[in-house]
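Working notes for the structure below.
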Amino acid sequence: MRETIVLGAGMVGVSTALALQARGHAVTLVDRRGAGEETSHGNAGIIQAEAAEPYAIPRDVKTLMRYALGRSNDVTYDLASMARMLPALASYFRFSAPAKHHEIAKTYAQLIARSTSTHEPLIQASGADNLIRRDGFAMVLRDDAEFEASAREAERLKTLYGIQSQTFDGASYRREEPALITPIGGAVVWPNTWTCSDPGGLTKAYAQLFEKQGGRFLTGDASSLKQTSAGRAGGGSAWQVDTEEGPITATDAVIALGPWAPELLKRFGYGVKMVLKRGYHGHFQASLSPRRPFLDKTNSVVLSPMTNGLRMTSGAALVAQNAPSNPVQLDRAISNVREILDIGAPTQDAIWVGHRPCLPDMLPLAGRAPKHDGLWFHFGHGHQGFTLGPATSDVLLDAMDGRTDAITTALDPRYRSAILSW
């Protein structure tokens, strides 16, 4: 039986472990914390079947100037961190050119099309259906101009990718969504997108399924990973990592560490260009929670009913992982959100902070390490690790089994020299 270590127990890592297990591997999942306690805990809890195109850097000067002058809640930044990320940001800007972005989206849309169908069997097998809502995700637009532009965009996505949507004028959507307390311009609803009331809890449920099926989950130090031949039958090389039960070895190791992957891979001679987009969330009391999560486009925050309150999740802050917490995007949004929702004081939960691991070409890595046998990469999902974890795990397993098609090639690290050096 093929033995594999998976480093990282977020949605991507846990999904990888389950996919390996399903194809007959003996799998050990290793993380410094419990499953789903970092980036996979902090997201807005959306399995985004509508997100056929990855987030690109805007190309119009007006939007970029708003970012630069701090007049947009979409993006904030720290100059020192921006300087360190400049090579990755420059590459990201190049890949955001319309023609390149269109080609990338052809692959990305195929992955997104698999999002709910690859989650569904795991939801059922893990007994987590109580955490899932299947009544869609909305974008709420404050004025008529925003609504008309967003409705046109929804039609474009339907034409190009078959993404289903529903549009509502302001009065109609207020009847649909009684939590809204003031008039709006309108709303766009994506009915086939699923949402989750506890994304960290769903990841934990998947991890418990993995253990129930015979998998091993250990607390360990991913930074201790090394290649070794000690103790291997026939003298072949293996991968070793330190855990609370002592060193463990396996023929294969999968790096599913999200924003922490580049630092580990430096030791093995790999340079990974990555843009770190920090996000924040806070929970608030609400007299009436929305019936479905929605994006308040004007304020660039997502409002999601969760098991412990109404979660407000911010846009992107371009800052280093070790930068002090500064939830200015949430602070800006709170009073504006109160114009449309009756929300009260924050709950006693601390403000959460984490980073989205974004690669400049906007596709995740899933495949063989270029220089090392038995080492596999599975990270760089940007905003969509929670959405795409199970789908790209299937792609990774196809690569491990030697299958080749357009999708495995597109995600293969060996063909991604624009973002990965060795």
- prompt: Label points 7 Å out from Cα along the Cβ direction at E245 and A99: separation in nm?
  reply: 5.4
- prompt: Could you put Y67, Y280 in order, starting from the residue whose Cβ has the fewest other Cβ atoms within 10 Å?
  reply: Y67, Y280
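Report, in debye and to the nearest 20, how large the dipole of the chain comes out about its Cα centre when Lys and Arg carry +1 and Asp and Glu carry -1 on their Cβ. Please list the in-between numbers first.
Details: 43 positive and 42 negative charges, 170 e Å.
Dipole of the chain, to the nearest 20 debye: 820 debye.
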query: Across the Cα atoms of the range 274-402, what radius of gyration and what greatest pairwise Cα-Cα distance (Dmax) are found, in Å?
result: 18.0, 56
- request: Select one label from (1) 36, 23, 21; (2) 43, 29, 18; (3) 46, 25, 18: the one whose number is semi-axes √(5λ) of the Cα gyration tensor in Å as derived from the coordinates shown.
  value: (1)
- request: Pairs to check: K204/K297; K106/K266; K204/K277; K158/K297; K62/K277; K100/K158. Give those whose C-alpha atoms are more than 26 Å from each other in this structure.
  value: K204/K297; K106/K266
statement: Of the range 37-58, those with amide N under 13 Å from the point 7 Å along the Cα→Cβ vector of N308 are 37-38, 41-43
message: I'd like the distance between the alpha-carbon centres of the range 107-154 and the range 257-326, rounded to an integer number of Å.
response: 18
- prompt: By how many nm would the segment from S325 to R156 lengthen if fully extended, with 0.36 nm per residue of separation less the alpha-carbon distance?
  reply: 57.1 nm
statement: Projecting the Cα atoms of L388, I419, A399 onto the charge dipole of the range 376-422, where Lys and Arg contribute +1 and Asp and Glu -1 at Cβ, the residue farthest towards the positive end is I419
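Please work out the FRET efficiency for the pair M65 and R2, using the Cβ-Cβ distance as r and a Förster radius of 60 Å; give the result to the nearest 0.05.
Efficiency, from the Cβ-Cβ distance: 0.65.
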statement: Cα-based Rg then Dmax for the range 22-95, in Å, read 18.2, 54
statement: Assertion target for H372, H101, H119, H355, ordered by fewest C-beta neighbours within 10 angstrom first, is H372, H101, H355, H119
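Rounded to the nearest 5, what % of DSSP beta bridges with both residues in the chain are antiparallel? Write out the running numbers ahead of the final one.
On the way: 54 of 76 bridges.
Expressed as a percentage, antiparallel bridges in the chain total about 70.
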Under the Debye formula (equal points on every Cα, no solvent term), log10 I(q)/I(0) of the range 165-243 at q = 0.11, 0.17, 0.22, 0.24 Å⁻¹: -0.62, -0.87, -1.06, -1.11
query: Sequence-distant or interchain residues sharing an amide H contact under 5 Å with H355, placed H: which?
result: G279
message: Can you tell me which aspartates and glutamates have their Cα less than 14 Å from the Cα of K371? Leave out same-chain residues fewer than eight positions away.
response: D252, D412
task: Using R₀ = 51 Å, calculate the FRET efficiency as 1/(1 + (r/R₀)^6) where r is the Cβ-Cβ separation of R267 and N192; round to 0.05.
output: 0.75
field: Gain on full stretching of the segment that runs from N130 to A26 - 0.36 nm per residue minus C-alpha separation
entry: 34.5 nm
query: Sequence-distant or interchain residues sharing an amide H contact under 5 Å with I47, placed H: which?
result: W194, T195, C196
- request: Quickly estimate the mean residue ellipticity at 222 nm for the chain, helices only: each DSSP H run with n ≥ 4 gives -39500 (n - 2.57), and the total goes over all residues, rounded to 500.
  value: -10000 deg cm²/dmol
statement: The size of the Cβ-based charge dipole (Lys, Arg +1; Asp, Glu -1) of the range 273-422 about the Cα centre, to the nearest 20 debye, is 260
Residue order, fewest to most surrounding Cβ atoms within 10 angstrom, among M65, M274: M65, M274
- prompt: Whose amide H sits under 5 Å from the amide H of A26, counting only residues 5 or more places off or on another chain, with H placed in the peptide plane?
  reply: R2, E3, T4
query: Applying the Karplus parametrisation 6.51 cos²θ - 1.76 cosθ + 1.60 with θ = phi - 60° to the phi angles of the range 37-47, what ³J(HN,Hα) value in whole Hz is obtained for each residue in order, glycine and proline being reported as x?
result: 9, 10, 4, 5, 7, x, 7, 7, x, 10, 8
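Rule-based calculations on the coordinates, nothing more; no lab input. Here the structure is a predicted model, which means the values were calculated and not measured. Backbone-built Cβ (ideal geometry, glycine too); neighbour counts: all protein chains shown.
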